[in-house]
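Here the structure comes first, spelled out in structure tokens, and everything after it is commentary.
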Amino acid sequence: MSIDVKHLAKLARLRIEDDKLAKFEKDMESIVSMVEQLPEVSGDASGLDPDHPMKLREDIEGTDKLTRSELLANAPKMQAGCVVVPKTVE
């Protein structure tokens, strides 16, 4: 199987140097071959561990409602009724 690492890198917007392409291609092929060897899981996945089945909790709506002014009372900086936070993405 051949994996086009350059194309995947372009789709993922990653920059990979040409001297590392062979290593990444080998690593990707080993990952794909490992995934191909995984057993199939049919229908009901809760039977994976019958001794410890997954039990989901029931969603309960909270009864203690806060007003907007109470929520914004501890905000360090506000502008036009919104919390101002530092810029994290360029």
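Residues that are exposed (fewer than 10 other Cβ atoms within 10 Å of the Cβ) and in a strand (DSSP E or B) within region 64-90 comprise just one, Gln79. The residue pairs whose first member lies in region 9-23 and is in a loop (DSSP other than H, G, I, E, B), whose second member is open to solvent by less than 70 Å² (accessible area, probe 1.4 Å), and whose beta carbons are closer than 9 Å, counting only pairs six or more residues apart or on different chains, are Arg15/Ala9; Ile16/Val5; Ile16/Ala9. A single entry from Pro39, Pro53 fulfils the requirement of being part of a loop (DSSP other than H, G, I, E, B), open to solvent by less than 100 Å² (accessible area, probe 1.4 Å) and not aliphatic (A, V, I, L, M): Pro53.
The values are calculated or read from the model by the stated rules, or taken from the named source; none is laboratory data. Keep in mind that what you see is a predicted model, and the values were worked out from it rather than measured. Counting neighbours? That spans all protein chains shown, and the Cβs are built from the backbone with ideal geometry, glycine included. Heads up: the accessible areas ignore ligands, DNA and RNA and are worked out on the full protein's heavy atoms, side chains in. Shrake-Rupley method; radii C 1.70, N 1.55, O 1.52, S 1.80 Å.
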